[in-house]
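So the structure is just underneath, and the comments pick up after that.
Read the figures in this text as sums done on the coordinates, not as results from a lab. Given the structure is predicted, the values throughout are model-derived calculations rather than measurements. FYI the Cβ positions are ideal-geometry reconstructions off the backbone, even for glycines, and counts take in every protein chain you see.
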Amino acid sequence: MGPSRTRRPGRRPDRSNLWAWLASAAALALLALYLGASFWAREQRVEIEEASLCPKSGPTAVTAVLVDRSDPLSPQQALRVRQVLDQVVNEAPVGGRVALYVA
C-alpha cells in the first residue's frame, strides 16, 4: 500500500496556492476595470471649438446677460457690474456659453 493522505492532527492545509490564485484574479480584475474605464473615458471625450470654447455640437447651456447703458455708471457701480459678470462666467456650467448683450 501507498502512503495514506490523511492529515496529521494540528497541521493546516497549504493555502499558499489559494492566495496566489486570489491575488492573480484580483490583479486581472483591476486590469480589466482600468482598461474598461479608460475606454469609456475616451469615448466620452467632447471636442471643443477654439473660438467659442463650447463643444463642436453646440453649447450645453446659454446664460444671457443684458446690460442697460442708458444711464452712466459710477466707478463703484461699474466695479459691481464687473464682479457680477465674473461670477456669472465662473458659475457657468462646463460646455455652457455666456452671451453678453449691451443695450
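For THR63, nonlocal amide neighbours, meaning residues 5 or more places apart or on other chains whose placed amide H falls under 5 Å from its own, are ARG97, VAL98, ALA99. Per-peptide packing, taken as the mean over residues of other Cβ atoms within 10 Å, places 50-62, 69-81 in the sequence 50-62, 69-81 from highest down.
Relative to the longest principal axis of the Cα atoms of the chain, the long axis of helix 16-44 lies at roughly 20 degrees.
Applying Stokes-Einstein at 20 °C and 1.002 mPa s to the Kirkwood radius of the chain, computed over alpha-carbon pairs, gives a translational diffusion coefficient of 104 µm² s⁻¹. Relative intensity of region 61-102 on a log10 scale, I(q)/I(0) at q = 0.31 Å⁻¹, equals -1.11, per a Debye sum over C-alpha point scatterers of equal strength in the absence of solvent.
Peptide packing: for 36-43, 93-100, the average count of neighbouring Cβ atoms within 10 Å per residue gives the ranking 93-100, 36-43, highest mean first.
Take every Cα pair under 8 Å whose residues are at least 6 apart in sequence, average their separation, divide by the length of the chain, and the relative contact order is 29 percent.
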